[in-house]
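**Student:** Dumping the structure here so I can ask a few things about it.
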Amino acid sequence: MIEQASSRSAMKEGVTMDDSPRDHRPWFRSRSGLVLLAFLGIAGFFLITEHTAHVFGALPFLLLLACPLMHFLHGGHKGGQGGHGGPPPAEGGSR
């Protein structure tokens, strides 16, 4: 009974019963992660240097494709001019 109470309090505090240290390294700090990052860096370098002409050839089309995307991301079709939630203009004001 006392053992169960102590294990419950230990679980509430976040302490586990085994005192073995655990290695919580991020994946990119491991040996295989470093090899993968090096491979991706080299592959990216060669893709950029060998295919620059293809990328520059596609830029005009990418700009055209960006127009509808920008339209919808910046609140297109919301009532046109003056629909930004400001106070309505005063009627009969001096000009």
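Every number here is computed from the coordinates shown, using simple stated rules; none is lab data. Keep in mind the model is a prediction, meaning the values are calculated, not measured. Neighbour counts are summed over all protein chains in view; Cβ atoms, including those assigned to glycine, are modelled from backbone coordinates with ideal geometry.
**Student:** Let's test the formula: R0 of 30 Å, r as the Cβ-Cβ distance of LEU62 and ALA38. What FRET efficiency results, to the nearest 0.05?
**Tutor:** 0.55
**Student:** For all pairs of alpha-carbon atoms in region 26-75, what percent lies in each bin of width 5 Å, listed from the first bin to the last filled one?
**Tutor:** 4, 17, 13, 12, 12, 12, 14, 13, 4, 0
**Student:** Whole-Hz Karplus ³J(HN,Hα) for region 43-58, in order, using 6.51 cos²θ - 1.76 cosθ + 1.60 and θ = phi - 60°, x for Gly and Pro?
**Tutor:** My calculation for region 43-58 gives 5, x, 4, 5, 5, 5, 6, 8, 10, 4, 4, 5, 5, 5, x, 8 Hz in order.
**Student:** Rounded to whole Hz and in sequence order, give me ³J(HN,Hα) for region 29-37 from the Karplus expression 6.51 cos²θ - 1.76 cosθ + 1.60, θ = phi - 60°, writing x for Gly and Pro.
**Tutor:** 8, 7, 5, 5, x, 5, 5, 5, 4
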